[in-house]
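In what follows, a single structure is set out as structure tokens and then discussed.
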Amino acid sequence: MTGPHPAAPSADPSAAEPPPCPKGTGGPPSALPRSDTPAAGPLTRLRVLDLATLFAGPLAATLLGDFGAEVIKVEHPRRPDPSRGHGPAKDGIGLWWKLLGRNKKTITLDLSTPGGRDVLLRLAAEADVVIENFRPGTLERWGLGWPELSAGNPRLVLTRVTGFGQFGPYARRPGFGTLAEAMSGFAALTGEPDGPPTLPPFGLADAIAALATSYAVLAALRGRDTTGRGQVVDMAIIEPMLTVLGPHPLWYDQLGHIQPRTGNRSANNAPRNTYRTADGSWVAVSASAQSVAERVLRLVGRPEVIDEPWFATGAGRARHADELDAAVGGWIARHDRADVLAAFEKAEAAIAPVYDIREVMADEQYRALGSLTDVPDDELGTVRMQNVLFRLSETPGAIRWAGRPHGADTDEVLAGLGLTGPEIAELRAAGAL
């Protein structure tokens, strides 16, 4: 692969492609490697066992796989990862799994059986990372806790992703991202002032926890470079969500301040809102910087407001959000979206259209970055999905394949451990596979 971020090859080989750029230039990205192309990413020699289900743990494993890690997805033989059945499907094939399962080999293993336990211990002995999200105590009940796993591999990093962490009064409760969005304070801040707390319509807390988990794994591996020993990562989904809320604990601790719901407005600056254009579209405006706020008010024909003493700070502008929204929203309401965007761009004022997914997939900036890409798939032909998360100039990530069928790689992975065909058949007959 020659570019820092794989682009979207056309399903038609004769279609025009962006020219490949020299590695590290940041220019147009190269074509996406096929599944038989060796990974070029910086995690190429890392082996990860993904025992988790649904989103936070599995997505962390996906992010590692995008940058070259060999990820082996372990699923129950009769109860696949529920993400395979979440959301829309095509021809009976869950589409969410195509994203979440990309770059993963998928095997089946019943960890509660003696045979499944033995195979997992053999896999863990050759792995760098295990990611799991069972309720605390479950692995221990199966004889697969940290003492057993580390005995066979002292350099292993065991990553435990749960709703509430491994200890404390809530540790054994079932935990999902929705609960983290509620308990962190996020939902209380979200929504209109006179409306109820609002939850996001997608797995926000799980996704943030996945980003934090992949970071935690790399930190633990870096620690292993220093100590020579593995360790346990304890990731509670409620904590990354709390972290991204920023200074709210500090505000309450020092001032007793509790931020109320403000809808699309910011409690820290203004103008900041969504505004409807004359043609019925919506745009989002942010004026966090003083210079940008001044440009916006000049653009909408209200330069006199800039001289008001309260306009000099974000907090002062936030206290006058009604006045600023009336000025900005009134001007935007008299113009079509294209004219609004063009005027703001000319004035170097911050604005963006409010997109639905159709517009996201057609946007020229996402196209230039290669943020969405076409991935060849044996089941569906070609699928379009988000590309790897960021660009590295020297050791780029790549999508080698989309999510595979349940258990598709079981025999290959077990044969790689040295199990013979009859041994694999015996495990399958015993219900371990």
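The values are calculated or read from the model by the stated rules, or taken from the named source; none is laboratory data. Here the structure is a predicted model, which means the values were calculated and not measured. Note: ideal-geometry Cβ built from the backbone for every residue, glycine included; neighbour counts use all protein chains shown. Just the protein is used for accessible areas: all its heavy atoms, side chains included, with ligands, DNA and RNA removed. Shrake-Rupley method; radii C 1.70, N 1.55, O 1.52, S 1.80 Å.
Structural remarks
- Checking residue 220 against (1) closer than 27 Å to residue 356 by Cβ; (2) in contact with a strand residue (DSSP E or B) (Cβ under 8 Å, 6 or more places away or on another chain); (3) small (Gly, Ala, Ser), the condition it does not meet: (1)
- Criterion (open to solvent by less than 40 Å² (accessible area, probe 1.4 Å), outside any strand (DSSP E or B) and of a type in the set (D, E, K, R)) met by exactly one of 325, 339, 374: 325
- Annotation note: of 195, 185, 177, the sole residue that is buried (at least 19 other Cβ atoms within 10 Å of the Cβ) and touching a residue at least 60 places away in the same chain (Cβ under 8 Å) is 177.
- Residue count for the range 250-259 satisfying the condition of being touching a helix residue (DSSP H, G or I) at 6+ places or on another chain (Cβ under 8 Å) and open to solvent by 60 Å² or more (accessible area, probe 1.4 Å): 2.
- Options 300, 244: the member that is open to solvent by 50 Å² or more (accessible area, probe 1.4 Å), farther than 30 Å from residue 154 by Cα and aliphatic (A, V, I, L, M): 244
- Filter result for the condition that a residue is under 30 Å from residue 47 (Cα atoms), of a type in the set (Lys, Arg) and under 24 Å from the mean Cα position of the chain (by Cα), over 222, 172: 222
- Helices (runs of 4 or more DSSP H) lying entirely in the range 233-316 (those with 1 or more residues that are under 30 Å from residue 133 (Cβ atoms) and not hydrophobic (A, V, I, L, M, F, W, C)): 238-244, 248-255
- Test: residue in the range 73-85 that is without any contact (Cβ under 8 Å) to a residue 24 or more places away in the chain, in contact with a strand residue (DSSP E or B) (Cβ under 7 Å, 6 or more places away or on another chain) and of a type outside the set (Phe, Trp, Tyr): yes
- Residue count for the range 64-88, restricted to those that are part of a loop (DSSP other than H, G, I, E, B), open to solvent by less than 60 Å² (accessible area, probe 1.4 Å) and within 23 Å of residue 176 (Cα to Cα): 4
- For the residues 118, 128, the requirement of being open to solvent by 10 Å² or more (accessible area, probe 1.4 Å), in contact (Cβ under 8 Å) with a residue 24 or more places away in the chain, among the acidic types (Asp, Glu) and over 22 Å from residue 378 (Cβ atoms) singles out 128.
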